[in-house]
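This report refers to the structure that appears directly beneath it.
The values are calculated or read from the model by the stated rules, or taken from the named source; none is laboratory data. The shown structure was predicted, so the numbers you read here are calculated from the model rather than taken from an experiment. All Cβ positions, glycine included, derive from the backbone under ideal geometry; neighbour counts span all protein chains shown.
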Amino acid sequence: MALARASGVPRPEYLDTYFVVAPPPAGLPVRFAVVTAFNAQGRLRPEKMNWSADTELRRYLIGAKLGHFRVTGGSRDGAHREPGFGIAADSPETIHPISRRFRQVAFFWVDRLEVFLIDTGGKARHRIGRWEQRLAQWPGP
């Protein structure tokens, strides 16, 4: 699975992502990325592999001393969910190597509560909306 279809337009499900967030005590940073380690290269993987990659991402962020907090992204109805982390950063360029390291196709960039989808392999940026309009309240875990 790739970020863009042959037409160069991002996959619709990426543009229709919603989030559940556990913000840090000080509140959301002005700029942050949302990165997951689930389903590397956009391919569904077994749950055990996904959680192992999630633990590795958390350890990486701690070791790199990057401020982070839990964010889960998924479909509007919550049928598909991918836990990840909000990572405080000054620019998306800081996030590209992290997203590549965990073999992600894309990541979300939030700048002053505007949400963008950014291609890990390049610089394609697609605005997807305001943060507060992308918050979900899914039932269950």
Q) Do you know which residues across the range 117-137 are out of contact with any Asp or Glu (no Cβ under 7 Å at 6 or more places or on another chain) and not in a loop (DSSP other than H, G, I, E, B)? A) LEU117, ILE118, ASP119, ARG125, HIS126, ILE128, GLY129, TRP131, GLU132, GLN133, ARG134, LEU135
Q) What's the number of the condition GLY86 fails, among (1) of a type outside the set (Val, Ile, Thr); (2) within 14 Å of the chain's Cα centre (by Cα); (3) closer than 14 Å to GLN137 by Cα? A) (3)
(Q) Can you say whether PRO97 is at pLDDT below 95 and either of a type outside the set (Asp, Glu) or part of a loop (DSSP other than H, G, I, E, B) (or both), as far as the supplied structure shows? (A) no
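Here is a yes/no grid of residues against (1) under 18 Å from ARG127 (Cα atoms); (2) assigned to a helix (DSSP H, G or I); (3) modelled with pLDDT of 90 or more:
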| position | (1), (2), (3) |
| --- | --- |
| ALA6 | no, no, no |
| PHE19 | yes, no, yes |
| GLY27 | no, no, yes |
| ALA33 | yes, no, yes |
| GLN41 | no, yes, yes |
| LYS48 | no, yes, yes |
| TRP51 | no, yes, yes |
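Per-residue answers, yes or no, for (1) more than 14 Å from VAL34 (Cα to Cα); (2) at pLDDT 95 or above; (3) touching a strand residue (DSSP E or B) at 6+ places or on another chain (Cβ under 8 Å):
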{"position": "LYS65", "(1), (2), (3)": "yes, yes, no"}
{"position": "GLY73", "(1), (2), (3)": "no, yes, yes"}
{"position": "PHE85", "(1), (2), (3)": "no, yes, yes"}
{"position": "ASP90", "(1), (2), (3)": "no, yes, yes"}
{"position": "PHE102", "(1), (2), (3)": "no, yes, yes"}
{"position": "ASP111", "(1), (2), (3)": "no, yes, yes"}
{"position": "ALA124", "(1), (2), (3)": "yes, no, yes"}
Q) Which ones in the range 96-117 are out of contact with any Leu (no Cβ under 9 Å at 6 or more places or on another chain) and aliphatic (A, V, I, L, M)? A) VAL115
(Q) Suppose the filter is surrounded by 20 or more Cβ atoms within 10 Å (Cβ to Cβ) and at pLDDT 95 or above; does PHE107 pass it? (A) yes
Q. How many of the residues in the range 112-141 are surrounded by fewer than 16 Cβ atoms within 10 Å (Cβ to Cβ), more than 19 Å from ALA22 (Cβ to Cβ) and charged (D, E, K, R)?
A. 6
Q) Out of the range 53-77, which residues are among the basic types (Lys, Arg) and in a loop (DSSP other than H, G, I, E, B)? A) LYS65, ARG76
Q.
Looking at GLY140 and the list (1) part of a loop (DSSP other than H, G, I, E, B); (2) at pLDDT 95 or above, which single condition is not satisfied?
A. (2)
